[in-house]
1. Given points 7 Å out from each Cα along the Cα-Cβ axis, report the ARG48 to LEU121 separation in nanometres with one decimal.
2. Below 9 angstrom from the Cβ of ARG52, what's the summed charge of the other residues (Lys, Arg +1; Asp, Glu -1)?
3. Under the Karplus relation 6.51 cos²θ - 1.76 cosθ + 1.60, θ = phi - 60°, what is the ordered set of whole-Hz ³J(HN,Hα) values for the stretch 73-87, x standing for Gly and Pro?
4. With a 1.4 Å probe and all protein chains kept in place, how much accessible area does ASP33 have, in Å² rounded to the nearest 10?
5. Amide H neighbours of PHE75 under 5 Å, at least 5 residues apart or on other chains, H built in the peptide plane: list them.
6. Quick one: work out Rg over Rh on the C-alpha atoms of the stretch 1-54, Rh as Kirkwood radius.
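The values are calculated or read from the model by the stated rules, or taken from the named source; none is laboratory data. All values derive from a computational prediction rather than experimental measurement. Don't worry about glycine lacking a Cβ; one is built from the backbone with ideal geometry, like all the others, and counts go over all protein chains shown. To get the accessible areas, we keep the full protein, side chains included, count just its heavy atoms, and leave off ligands, DNA and RNA. Shrake-Rupley method; radii C 1.70, N 1.55, O 1.52, S 1.80 Å.
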Amino acid sequence: MALVKAGVVVLDCAEPEKLAVFYKELLAAEQTDATANRVEIRGADGFRLAFRRDVNATPPSWPRPENSLQAHIDFVVDDLDAVERKVVELGGRPLEAKDVAGPFEERGYADPAGHSFTVRLVTPTAPKQG
């Protein structure tokens, strides 16, 4: 029997209610739990995200080279352009990053609180980094 029953990706932010709305709309998700300091959502595929209040939260600085990316979320999509329009409509923004060599099959964004995420068409085929 597994000791851990489920996992949830939790993003710290100043306003969890507002960030939950962004991801609910982007993922066509439903809110499954809410307290004074935490909101959790679940997408149709079962993917779970939670947003925890941290009044001192500061946005990550990726892709600036002086601060490495700690973590980000990858989403697989069918239409990069449609997703980009939705991200911007919901208050997210494209991140300035160098295009990878070859076909451009993924794009990076920041949500309204500054957390980075990537949308991609297929599994990345780039060579291993590092």
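1. 3.4 nm
2. On the way: positive: ARG38, ARG53; negative: ASP12, ASP54.
The answer is 0.
3. Here the 3J(HN,Hα) series is 9, 9, 10, 8, 10, 9, 9, 4, 5, 5, 5, 4, 4, 5, 4 Hz.
4. ASP33 has an accessible surface of roughly 70 Å² with all protein chains in place.
5. Those lying under 5 Å, H to H, from PHE75 are THR118, VAL119, ARG120.
6. Looking at the stretch 1-54, the ratio lands at 1.00.
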